[in-house]
Amino acid sequence: MSWTKVELSSFITIKKGKKHNTINSKTKSSVRYLQIEDLRNDNNIKYTDDVSGIEAKKTDVIIAWDGANAGTIGFKKSGFIGSTLARISFDIKKVNTEYFGRFLQGKFVELRSNCTGATIPHISRKHLVSLKIPLPPLKTQKYIASVLEKADQLRKNCQRLEQELNQLAQSVFIEMFGDPVTNPKGWEETNLGEKADLLAGFAFKSKEYSENPRDVKLCRGINIFPDRILWKNVAYWNYIQEKKLEKYELNKGDIVIAMDRPWISTGFKIAQIQEKDLPSLLLQRVMRVRGRNELDTCFFYYALNQQAFLKHSMITETTVPHISPKDVTSYKLPSPSNKKLVKFHKIITNIQTQKKSLLLAKSKYEENFNSLSQKAFKGELKAPA
């Protein structure tokens, strides 16, 4: 079915937000204050007592206009919007909010690639308003939005369950070994540097990076995310095995830590190298932690994932927040018995097995959502009569 494509310039109005004073709690006169993180979830709701601002309604679409998250889309939110956000308004009698929001979410990469600004990305108004959206009857728009919402919810359910399994693993660690900083169980303590094989990465010259996927991947901070390695932005090295570089070869099970901007909104940038990540080499500003065996490595990984490590690390900042190798080497850990380590490893292995099944389901739901999105905006999803 072919639907008329309409340029956004013909029906949207864009208004940039402004900075507001934040208050600690809601009052009778306060208004919700929306910032970038609010487009993703409602985990940290803020308010302002300012009397004027650019107010978004639940029927509007909100876009992150400036900064690292430019192009992020939110809808079904109401409140005054911050200075890095913009409100997109339109006639809801002709355009369904959820349908339009899903359309713009699907344009994220395109919007990002057309951003202006040398150091700080800004959405190009000219490009945004030039986008064309297929506009079927409102009934069909609502049907498509509901189908995509259900498909998206399946993805979110997997994410929630994954978070719960991660929290379970952390809880098991605390229950068995206690907080590494306060050491309530009175374990004998040793610095991580005395227990593990620690190594900071090599300063491979960026001008000699390769784009050939047949070469060896470089494990950079940009590739490390909480509990996973992502190779969307990958650099390679034309590696002929050399004695001086052998020690920078990563092995399955190695723990890698991003030393710059180590904590992001989703957690601590630490992950374990999997078979699919190999071969790869350790780049500077990334630290590798290697245990003597699987039991040690498993214990180290969850010890480093504790809030205790955040408290221990004195994050220094010049222009980029970072932790130092000393923060890692001097981190004090309990020295539990081998019997305890075996028990902990067994529990974690069981949790990891559940996570693998969950990630397979999540991948299928991602594919399903992407497929439905493509069909939806090609006119291949039709509302039932």
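Quick rundown of the values:
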{"item": "Which numbered condition residue 126 fails, given (1) under 19 Å from residue 16 (Cβ atoms); (2) touching an Asp or Glu at 6+ places or on another chain (Cβ under 7 Å); (3) without any contact (Cβ under 8 Å) to a residue 60 or more places away in the chain", "result": "(2)"}
{"item": "Test: residue in the range 274-290 that is at pLDDT below 95, buried (at least 18 other Cβ atoms within 10 Å of the Cβ) and touching a Pro at 6+ places or on another chain (Cβ under 7 Å)", "result": "no"}
{"item": "Scope the range 240-251; condition in a helix (DSSP H, G or I) and either under 26 Å from residue 356 (Cα atoms) or aromatic (Phe, Trp, Tyr) (or both); matching residues", "result": "248"}
{"item": "Filter pass, residue 151 being surrounded by fewer than 16 Cβ atoms within 10 Å (Cβ to Cβ) and within 24 Å of the chain's Cα centre (by Cα)", "result": "no"}
{"item": "Test: residue in the range 7-24 that is in a loop (DSSP other than H, G, I, E, B) and within 21 Å of residue 148 (Cβ to Cβ)", "result": "yes"}
{"item": "In the range 1-44, the residues that are loosely packed, with under 14 Cβ neighbours inside 10 Å and hydrophobic (A, V, I, L, M, F, W, C)", "result": "1"}
{"item": "Residue in the range 310-324 that is under 28 Å from residue 168 (Cβ atoms) and buried (at least 19 other Cβ atoms within 10 Å of the Cβ) present", "result": "yes"}
{"item": "Residues satisfying the stated conditions in the range 253-288, i.e. on the phi > 0 side of the Ramachandran plot and in a loop (DSSP other than H, G, I, E, B)", "result": "253, 261, 285"}
{"item": "Hits in the range 116-150 - residues which are under 23 Å from residue 15 (Cβ atoms), out of contact with any helix residue (DSSP H, G or I) (no Cβ under 8 Å at 6 or more places or on another chain) and of a type outside the set (Gly, Ala, Ser)", "result": "116, 120, 122, 125, 126"}
{"item": "Single residue of the range 176-192 satisfying the filter (of a type in the set (A, V, I, L, M) and at pLDDT 95 or above) that is farthest from the chain's Cα centre (by Cα)", "result": "176"}
{"item": "Test set (1) among the acidic types (Asp, Glu); (2) crowded, with 17+ Cβ neighbours inside 10 Å; (3) not assigned by the TED database to the domain that holds residue 215 - residue 367 fails condition number", "result": "(2)"}
{"item": "Residue tally, condition touching a helix residue (DSSP H, G or I) at 6+ places or on another chain (Cβ under 8 Å) and not in a strand (DSSP E or B), over the range 53-63", "result": "3"}
{"item": "Pairs, first farther than 8 Å from residue 192 by Cβ in the range 327-343, second part of a helix (DSSP H, G or I), C-beta under 7 Å, six or more apart", "result": "327/312; 334/177; 336/177; 340/176; 341/295; 341/299; 342/295"}
{"item": "Subset of the range 52-74 [under 20 Å from residue 136 (Cα atoms) and without any contact (Cβ under 8 Å) to a residue 40 or more places away in the chain]", "result": "59, 60"}
{"item": "Scan of the range 217-243 for residues that are over 30 Å from residue 166 (Cβ atoms) and either of a type in the set (A, V, I, L, M, F, W, C) or touching a strand residue (DSSP E or B) at 6+ places or on another chain (Cβ under 6 Å) (or both), ordered by number", "result": "236, 237, 238, 239, 240"}
{"item": "Unmet criterion (only one of (1) more than 30 Å from residue 21 (Cβ to Cβ); (2) surrounded by 17 or more Cβ atoms within 10 Å (Cβ to Cβ); (3) aromatic (Phe, Trp, Tyr); (4) free of Cβ contacts under 8 Å to residues at least 40 places away in the same chain) for residue 47", "result": "(1)"}
{"item": "Test for residue 189: is it acidic (Asp, Glu) and touching a strand residue (DSSP E or B) at 6+ places or on another chain (Cβ under 7 Å)", "result": "yes"}
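The values are calculated or read from the model by the stated rules, or taken from the named source; none is laboratory data. Worth saying up front: this structure is predicted, and the values here are computed from it rather than measured. When we count neighbours, we look across all protein chains shown, and the Cβ atoms used for this are built from the backbone with ideal geometry, even at glycine.
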